[in-house]
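**Q** Sharing a structure here in structure tokens format.
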Amino acid sequence: MDDRHDFGNQAAGDVSSGQDASATTRIGLDVGTSKIVTAQGDSRASQAAAQLNAFIGVAHSALAEATLQQNRVPYFRDGEELVVYGSAAERFAHMFNAECRRPMARGILNSQEPAATHVLESILAMLVPQAARKGETLAFSVPAAGPEMEAELTYHEETLKHYCAGRGYTPIAVNEGLAVVLAELANESFTGIGISCGGGMCNVALSYLSIPSLTFGITKGGDFIDASVGQVVHEPSTRIKAIKEDDLDLTRPSEDKIIKALQIYYDKLIQSLVDELYRTVTRTHKLPRTDKPLPIVLAGGTSKPHGFRDRFEQMLLRRQMPFEVGDIRIAEDPLTATARGALVAALAER
Amino acid sequence: MSLVSPYWPEKYRGEREGCGPELGTQLLEISDDIDDPVIKLKFLRGAIDRQSQYERRIHRLPCPPIRRALYRLHGLRALAPALANADPESQEIVYHRMLAARSKVHRLAGSIVCGSLVIMPLLLLGWSWWPDSSSEPAAPATVLASVAAAPRPAAPALPPPTLMIAAATPPAVQEVAYAPRSPVAEPLVPESLGQTPTTVFLADRGSDWEMYSNGLRVETKFVVDGPRRRYRIADRQQGFKPTFYNQPVGILFHTSESDLWPLEANYGSRLRQSSTELLKYVQRSKAYNYLIDRFGRVYRIVADETRANHAGHSVWAQGDDVYLDLNAAFIGVSFESRWQASEGESQEGRALPITNAQLVAGRNLTNYLRQRYAIAPDGLTSISPRQFLIGYHRDWATGFPFAAFGLPDQYAQPPAAVTVLGFGHDDDFLRAVGKLNPGLITAERMLTEEARVRGISPDALRQERRAVYQKWRAQQRGKSSVASEAPIRQVAVK
């Protein structure tokens with residue numbers, strides 16, 4: 001890949017320049033399988049930005065390259081291929097009725113994808129400006145480590161840390177579920193359960209006064225639903241994803257084949273999540289000793305369809321949890337909750 | 001260079017052991033008062049990180065109340081580092097509102113506990129040794145009282161713990177939190193039906209609302225800050241006292257004097273639009289601390305800690321203490337309603353009826369404010385300082401449903417403007433309210449009786465009192481930091 005040329009910064013308006021040198025940059029970064037989201041600002045107001053964590057390769061030609069440049073589409077040239085990345089990749093996937101590729105899978109860098117690291121760094125470059133002052137804190141989300149993915153997670157985490165350190169930041173890793181708690185449960189003194197339902201994984205953290213007592217994840221998420229439904233209805237998962245994100249309602253029975261399949265696999269995902277939650281909390285000795293009901297917050301793009309909360313609640317209430325379940329709610333903005341929570345951690349670490 | 005970076009903190013990544021339930025309960029209570037999530041997080045993390053230094057020792061203590069007090073003390077100590085780099089606004093909110101005062105209270109409690117732990121064994125030893133100790137049972141209590149009293153400031157009246165909440169003020173200005181008045185609110189009036197909580201406490205809250213245990217829901221999305229409350233009290237004999245106060249001592253009820261549409265479904269959008277415009281106006285002009293719309297929604301507009309421009313020229317007195325700056329000393333609560341002047345001999349002036357929802361919400365809000373600020377009921381009226389007349393603004397000059405609010409009838413109380421400052425009333429006022437209320441009649445009688453006892457005419461007594469008022473008013477204008485007054489609608493009673 002020696003002849004790689006990156007035009008991402010030009011396309012994104014060169015986010016690393018134009019920063020006020022006196023300003024501070026504290027960033028919360030949600031590195032999700034499906035999307036990368038940043039939050040900047042302070043504890044009272046934050047601004048979020050997002051890019052799709054995906055890319056697509058198109059055959060190189062002078063005309064194609066000129067068109068990409070003209071339209072300020074972020075891409076890099078990799079040999080005879082032009083790799084379009086970020087949110088633009090989805091447009092091209094629709095255009096060519098092809099599948100987007102992902103630099104990450106199951107919450108961490110995709111070891112099956114040779115271009116994964118470079119694509120991820122290119123997308124990050126569009127969202128993370130150079131630190132205004134050296135050593136500024138950047139908090140990024142990481143999934144909970146399952147026993148089978150410890151080694152890969154270490155590689156994923158260290159890659160991100162070194163990239164961020166190279167941009168002038170002091171990076172800290174924040175568990176994804178805990179980030180949801182930090183974003184949404186401040187009024188409850190960061191006590192409760194945060195669940196981030198992302199593209200590759202669902203991450204859960206049980207926090208007591210901001211300390212994660214229990215964390216775990218399941219390697220099922222939005223991608224699992226898209227792929228499963230795509231398989232049974234013979235449609236590309238990119239199209240399924242578009243339908244899912246458009247107006248899926250889990251509360252209304254539908255005769256549409258795709259919607260019906262989406263509802264089935266959503267139920268499957270939620271059931272797996274509830275089962276794993278039940279299994280984990282009933283086997284652990286780490287539950288906080290509090291008699292207060294624990295609220296549960298659901299976040300992430302996969303939790304967005306209407307009725308997700310109700311389905312989750314129905315399935316959860318069938319189980320006898322060893323603690324009193326409090327309010328179950330969807331995050332104020334499910335897509336940015338993890339990044340906002342990471343920002344709270346970054347601000348607290350100054 | 002190593003590719004692995006072990007020096008970066010991992011505090012938010014992996015599972016950790018938290019704190020025990022006793023420390024956790026104390027930290028929860030302290031952190032409830034912190035609004036800023038970042039400060040809250042820093043505080044909790046700091047307190048829990050430090051727990052290893054003291055938890056094992058405290059855990060061994062056999063007495064749960066002492067353990068709890070010590071955990072609270074250690075928790076409060078973690079506040080200072082959490083606020084170290086916070087912006088001044090956040091520091092002020094946390095310090096001035098609650099936490100520094102709580103810290104003080106709990107340091108005090110800690111010293112009492114520690115003091116009693118040291119002294120009690122000595123006393124018991126002495127008691128058992130002293131040959132006639134049974135004849136002096138008061139000794140231990142006296143000693144304990146002096147231990148308790150030692151760290152307290154030499155204030156003229158000792159406020160109860162809730163009143164000390166806002167006592168943290170800059171040392172440069174001599175300022176105390178609460179006026180020296182009856183320190184405990186009247187007990188809440190029992191509801192006739194259903195169970196009511198013994199105290200009104202914050203039960204839940206969201207980003208733009210607060211829910212209290214008595215069913216009061218306060219919408220907070222319109223909240224703005226006014227200037228800080230800061231006022232002095234005049235003593236009837238000695239003039240202005242040197243002390244500045246910064247806590248409310250009462251509630252003034254107002255009517256909004258805005259457009260009122262019929263409460264019918266056909267007018268839904270107009271009702272909403274009218275309320276929305278009113279809210280924006282009240283917010284812009286910082287006219288009241290609270291507004292209750294016709295559907296009974298309670299909006300906090302100007303933060304309780306700061307003054308709204310609601311009272312204009314009004315006076316109020318309790319005992320020898322006379323209050324002249326009621327914007328600073330009182331909380332202004334307005335009902336979306338309008339005052340209707342008398343229309344002939346047969347009809348009295350009145351506020352247009354408030355809705356049942358407003359009544360319920362107003363009662364809940366009143367109970368909450370009375371408990372929070374230890375407000376006891378009393379009466380007052382608005383004045384025209386140039387003409388020395390009461391009732392310059394007439395909303396709720398008559399007809400406020402005190403009984404429904406569980407309050408004594410304030411119209412039966414002689415207004416201080418008449419008894420203390422010699423103000424009178426004119427025919428316009430009489431026409432507007434229909435007839436004099438019993439309080440006014442009593443006030444006039446008191447004034448006449450005092451003049452008779454002193455051997456002067458009632459008019460001479462009035463002139464004397466008005467001269468005092470003019471002097472105080474001039475002093476107040478010159479010395480206190482009174483904010484510009486927005487046009488006020490009127491003052492009622494409490």
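**Q** Could you grab the pairs with beta carbons closer than 7 Å, sequence gap of 6+ or different chains, first residue in the range B:300-314 and closer than 18 Å to B:Val218 by Cα, second one of a type in the set (Phe, Trp, Tyr) and in a loop (DSSP other than H, G, I, E, B)?
**A** Short answer, once both residue conditions are applied: B:Ile301/B:Phe222; B:Ile301/B:Tyr288; B:Val302/B:Tyr288; B:Ala308/B:Tyr288.
**Q** Can you give me the number of residues within the range A:305-349 that are within 14 Å of chain B (Cβ to nearest Cβ) and more than 24 Å from A:Tyr208 (Cβ to Cβ)?
**A** Residues in the range A:305-349 being within 14 Å of chain B (Cβ to nearest Cβ) and more than 24 Å from A:Tyr208 (Cβ to Cβ): 1 in total.
**Q** Just give me the residues in the range A:79-125 being among the aliphatic types (A, V, I, L, M), assigned to a strand (DSSP E or B) and more than 22 Å from A:Ala242 (Cβ to Cβ), in sequence order.
**A** Hits for the range A:79-125 are A:Leu82, A:Ile108, A:Leu109.
**Q** Then there is this: List, please: which pairs have Cβ atoms under 8 Å, are six or more places apart or on different chains, and start with a residue in the range B:426-455 that is over 17 Å from B:Leu389 (Cβ atoms) and end with one that is surrounded by 13 or more Cβ atoms within 10 Å (Cβ to Cβ) and aromatic (Phe, Trp, Tyr)?
**A** Going by the 8 Å Cβ cut-off, the qualifying pairs are B:Pro438/B:Tyr411.
**Q** Now a separate question. Got a number for residues in the range B:26-64 being within 8 Å of chain A (Cβ to nearest Cβ) and assigned to a helix (DSSP H, G or I)?
**A** Initial filter on the range B:26-64 (within 8 Å of chain A (Cβ to nearest Cβ)): B:27-28, B:31-32, B:36-42, B:44-45, B:48.
So of that shortlist, the ones also assigned to a helix (DSSP H, G or I) come out as B:27-28, B:31, B:37-42, B:44-45, B:48.
Summing the residues that are within 8 Å of chain A (Cβ to nearest Cβ) and assigned to a helix (DSSP H, G or I) in the range B:26-64 gives 12.
**Q** For the range A:280-292, does any single residue satisfy the condition of being surrounded by 14 or more Cβ atoms within 10 Å (Cβ to Cβ), within 22 Å of A:Met201 (Cβ to Cβ), within 14 Å of chain B (Cβ to nearest Cβ) and among the basic types (Lys, Arg)?
**A** yes
**Q** Could you check how many residues of the range A:126-153 are farther than 22 Å from A:Leu206 by Cα and in a helix (DSSP H, G or I)?
**A** Selection size over the range A:126-153: 4.
**Q** Quick check on this structure: which one of B:Leu369, B:Leu421 is assigned by TED's automatic domain parsing to the domain that holds B:Gly215, modelled with pLDDT of 75 or more, surrounded by 22 or more Cβ atoms within 10 Å (Cβ to Cβ) and part of a loop (DSSP other than H, G, I, E, B)?
**A** Answer to the selection: B:Leu421.
**Q** Hey, another quick one. Scan the range A:267-285 for residues that are not in a helix (DSSP H, G or I) and not polar (S, T, N, Q) and jot them down.
**A** Correct list: A:His285 only.
**Q** Being among the aromatic types (Phe, Trp, Tyr) and within 25 Å of B:Arg372 (Cα to Cα) is the filter here; which residues of the range B:230-257 pass it? Steps first, answer last, please.
**A** Step one: of the range B:230-257, the residues among the aromatic types (Phe, Trp, Tyr) are B:231, B:240, B:244-245, B:253.
Within the range B:230-257, B:Tyr231, B:Phe244, B:Tyr245, B:Phe253 meet the criteria.
**Q** Ok, one more. Hey, which of the strands (runs of 3 or more DSSP E) in the range B:212-291, taking only ones fully inside, have at least 1 residues that are under 30 Å from B:Glu464 (Cβ atoms)?
**A** B:233-235, B:250-255
**Q** Can I ask one more? So which of A:Leu209, A:Leu250, A:Leu273 ends up being more than 17 Å from A:Gly300 (Cα to Cα) and buried (at least 18 other Cβ atoms within 10 Å of the Cβ)?
**A** Matching residue, one of A:Leu209, A:Leu250, A:Leu273: A:Leu209.
**Q** In the range B:446-478, what residues are assigned to a helix (DSSP H, G or I) and more than 17 Å from B:Gly424 (Cα to Cα)?
**A** Of the residues in the range B:446-478, the ones assigned to a helix (DSSP H, G or I) are B:446-454, B:458-478.
Residues satisfying the conditions are B:Arg452, B:Val453, B:Arg454, B:Lys471, B:Trp472, B:Arg473, B:Ala474, B:Gln475, B:Gln476, B:Arg477, B:Gly478.
The values are calculated or read from the model by the stated rules, or taken from the named source; none is laboratory data. Nothing here was measured: the structure is a model prediction, and the numbers come from that model. FYI the Cβ positions are ideal-geometry reconstructions off the backbone, even for glycines, and counts take in every protein chain you see.
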